[in-house]
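J.: My questions all concern the structure below.
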Amino acid sequence: MTRISRCLLGAAALVATMLGATPALAQQPYPNQPIRLIVPFAPGGAVDQTARTISGALGKQLGQSVVIENKPGASGSLGAADLARAKPDGYTLMLALDSQAVNHFTVKNLRFDTFGSFDYLSLLVTTPQVLVVRSDMPVKNLDQLVAYLKAHPATSYGSAGTASAGHVNSAQLSLARQLATTHIPYKGAAPLLTDLLGGHIQYAFAGLSVMLPHIQAGKIRALAVSSPKRSAQLPDVPTMSESIPGFEYPTWIGLVAPKGLPQEVREKILSATRDVMHDPEVARRFAENAFDIVNNSPEAFTARVRKDSDVMSDLVKRRVIAAE
């Protein structure tokens, strides 16, 4: 056999080996590589906090590292568009904020279908939205804030993004008390907080998990929470519903995948997630940061997304929030 023939034979054997190995690699049980977890907001906000609370434990349960990727912009829809383009194989997941349910009303040219492009796996946690003002504002309760805003109609408020829970809550307050103030959307709660502390906006609804340390430090003042009952962390702060019956719209954060996950992959992710959310250390960290664990079913999570979409539809019809 000539040298060239031996080389050709060797190359053919190598190709055959590689081709034979490919199906075996593909048949390895999920997961066999790192998992990307998209956080569609800037670092420092409630979604980022949640990702950093669960990522290590989730990776341990699944046996692979979970890599957090912050992709802020357009009230979470840039990250969601990235998720919608991903292969539904379980290697790309996302933590969605409540704005996921309503962006189709307020963000132009969405490159996904809110109800057709995703598998809503579990609503993991909620945290009360808290109405806050700078500590130097001359208001100490909701009625005083309303009086101040009517006397100063040029006042501006911030939210973690257009159609976020903070925006919806502020819009509902404006509707209930006939206010005319200016909305300034941010790419998450962290930059909102920076501008609130800097005096660039006067008030905001935002997740308690982010605002609590600054409330406790006396830098901002809590006037009310949007949860059904008072927060254990702020027992002296009334609920919005004590002044405006029926006013309830907390922040929620849930685990989402591209539509079409294989059933065995879906079940493995759901099982690992349940174990993580019942881990005592994870539960302790969530409680310290004012999160309430929910970890509901895919069906219940999908129902919540549709419910919030209906709330936004009503606000758009009433022209309280502008549809783009």
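J.: Every residue in the stretch 129-148 that is part of a helix (DSSP H, G or I), within 28 Å of Ser99 (Cβ to Cβ) and over 29 Å from the mean Cα position of the chain (by Cα), please.
T.: Of everything in the stretch 129-148, just one residue is part of a helix (DSSP H, G or I), within 28 Å of Ser99 (Cβ to Cβ) and over 29 Å from the mean Cα position of the chain (by Cα), namely Tyr148.
J.: Could you pull out the residue among Asp136, Asp195, Asp143 that is at pLDDT 95 or above, more than 22 Å from Pro235 (Cβ to Cβ) and open to solvent by 10 Å² or more (accessible area, probe 1.4 Å)?
T.: Of Asp136, Asp195, Asp143, the one residue that is at pLDDT 95 or above, more than 22 Å from Pro235 (Cβ to Cβ) and open to solvent by 10 Å² or more (accessible area, probe 1.4 Å) is Asp195.
J.: Considering only residues that are open to solvent by 70 Å² or more (accessible area, probe 1.4 Å) and under 28 Å from Tyr120 (Cβ atoms), which ones fall in the stretch 206-231?
T.: Within the stretch 206-231, Pro228, Lys229 qualify.
J.: Another one. From the set of residues in the stretch 119-159 that are of a type in the set (D, E, K, R) and in contact (Cβ under 8 Å) with a residue 60 or more places away in the chain, which is farthest from Gly207 (Cα to Cα)? Steps first, answer last, please.
T.: Filtering the stretch 119-159 down to residues of a type in the set (D, E, K, R) leaves 119, 134, 136, 140, 143, 150.
Okay, now just the ones that are also in contact (Cβ under 8 Å) with a residue 60 or more places away in the chain, so 119, 134, 140, 143.
Working: Asp119: 25, Arg134: 16, Lys140: 19, Asp143: 21 Å.
Ranking the candidates gives Asp119 first.
J.: Which of the residues belonging to the stretch 236-246 are of a type outside the set (Asp, Glu) and surrounded by fewer than 18 Cβ atoms within 10 Å (Cβ to Cβ)?
T.: Pro238, Ser241, Ser243, Ile244, Pro245, Gly246
J.: What are the residues in the stretch 187-225 that are of a type in the set (Ser, Thr, Tyr) and either under 16 Å from Ile321 (Cβ atoms) or without any contact (Cβ under 8 Å) to a residue 40 or more places away in the chain (or both), if any?
T.: Within the stretch 187-225, just Thr194 meets the criteria.
J.: Of all residues being of a type in the set (Ser, Thr, Tyr) and assigned to a loop (DSSP other than H, G, I, E, B) in the stretch 232-268, which is modelled with the highest pLDDT? Just the residue, please.
T.: By that ranking, first place goes to Ser243.
J.: Filter the stretch 275-297 down to the residues that are assigned to a helix (DSSP H, G or I) and in contact (Cβ under 8 Å) with a residue 60 or more places away in the chain, then identify the one that is surrounded by the most Cβ atoms within 10 Å (Cβ to Cβ).
T.: The selected residue is Val276.
J.: Of the residues that sit in the stretch 68-90 and are touching a helix residue (DSSP H, G or I) at 6+ places or on another chain (Cβ under 9 Å) and part of a loop (DSSP other than H, G, I, E, B), which one is surrounded by the most Cβ atoms within 10 Å (Cβ to Cβ)?
T.: Pro72
J.: List pairs: first in the stretch 302-324 and touching a residue at least 24 places away in the same chain (Cβ under 8 Å) and of a type in the set (Asp, Glu), second surrounded by 17 or more Cβ atoms within 10 Å (Cβ to Cβ) and in a helix (DSSP H, G or I), Cβ under 7 Å, 6+ apart or cross-chain?
T.: What qualifies is Asp308/Asp98; Asp308/Ala101; Glu324/Thr106.
J.: If you don't mind, there's one more thing I want to ask. Mind checking whether some residue in the stretch 166-181 is open to solvent by 40 Å² or more (accessible area, probe 1.4 Å) and assigned to a loop (DSSP other than H, G, I, E, B)?
T.: yes
J.: Hey, another quick one. Starting from residues that are outside any helix (DSSP H, G or I), under 16 Å from Tyr91 (Cβ atoms) and aliphatic (A, V, I, L, M), keep the ones in the stretch 40-67 and report whichever is least open to solvent (accessible area, probe 1.4 Å).
T.: This residue is Val66.
J.: Can you tell me which residue is least open to solvent (accessible area, probe 1.4 Å) among those in the stretch 149-165 that are outside any helix (DSSP H, G or I) and aliphatic (A, V, I, L, M)?
T.: Out of the qualifying residues, it is Ala163.
J.: Quick check on my filter: what residues within the stretch 270-303 are touching a strand residue (DSSP E or B) at 6+ places or on another chain (Cβ under 6 Å) and closer than 30 Å to Lys108 by Cα?
T.: If the condition is that a residue be touching a strand residue (DSSP E or B) at 6+ places or on another chain (Cβ under 6 Å) and closer than 30 Å to Lys108 by Cα, then Pro298, Phe301, Thr302 are the ones that fit.
J.: Continuing with this model, one more query. Considering each residue of the stretch 213-231, count those that are in a helix (DSSP H, G or I) and under 23 Å from the mean Cα position of the chain (by Cα), and give that number. Walk me through it before giving the result.
T.: At the first step, the residues of the stretch 213-231 found to be in a helix (DSSP H, G or I) are 213-216.
Adding the requirement that they be under 23 Å from the mean Cα position of the chain (by Cα) leaves 213-215.
Selection size over the stretch 213-231: 3.
The values are calculated or read from the model by the stated rules, or taken from the named source; none is laboratory data. Remember, it's a predicted structure, so these values are computed and weren't measured experimentally. All Cβ positions, glycine included, derive from the backbone under ideal geometry; neighbour counts span all protein chains shown. Accessible surface areas use protein heavy atoms only, side chains included; no ligands, DNA or RNA. Shrake-Rupley method; radii C 1.70, N 1.55, O 1.52, S 1.80 Å.
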